[in-house]
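Take a look at the structure set out below.
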Amino acid sequence: MTGNYHQLALADVRPGMVLSDVLLDVQGQVLLPQGAVLTEAMLALMPRHGIEMLPVEAGEASPEETAATRQHHEARIAHLFRKTDADAGDDWATSLLQRFVRDFRLGRQEHDHE
């Protein structure tokens with residue numbers, strides 16, 4: 001998935017928006033490829049396939065929006081892992097999961113770990 005996207009409710013998606021990821025139906029079948037430009041006809045068919053949310057590309061965010069989004073994700077991750085100690089070596093699986101979630105939400109790439 002691209003780093004600059006919005007997960008929008010179907011009611012908020014407009015024709016002309018671009019999918020930021022492959023769109024799958026509830027059975028996991030590909031409905032539309034990443035980069036597809038959404039049309040009114042496509043959007044009208046989404047409820048039939050159980051689609052309620054769509055990942056769409058976002059325009060360029062301002063530095064303030066980017067900082068607010070980052071702060072929101074960091075607070076959410078801290079809340080999700082509030083009962084764990086990331087520095088404790090005895091719970092390596094949770095520490096690894098926390099790192100992957102943080103990297104995914106904050107948009108870090110694999111090579112940033114090295």
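At-a-glance table
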| quantity | calculated |
| --- | --- |
| Approximate spin-label separation Q71-W92, in nm, with each point projected 7 Å along Cα-to-Cβ | 3.7 nm |
| Amide proton proximity set for L32, modelled H, under 5 Å, gap of 5+ | L23 |
| Under-5 Å amide H pairs with Y5, H placed in peptide plane, nonlocal only | A58 |
| Whole-Hz couplings from phi, Karplus 6.51/-1.76/1.60, listed for the range 22-31; x for Gly and Pro | 4, 9, 10, 7, 5, 8, x, 7, 6, 8 |
| Pairwise label distance in nanometres, E64 with V26, each label 7 Å out on the Cα-Cβ vector | 4.1 nm |
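Just so you know, all these numbers are worked out from the coordinates, no wet-lab data involved. If you're wondering where the values come from, they're calculated on a predicted model, not measured in any experiment. All Cβ positions, glycine included, derive from the backbone under ideal geometry; neighbour counts span all protein chains shown.
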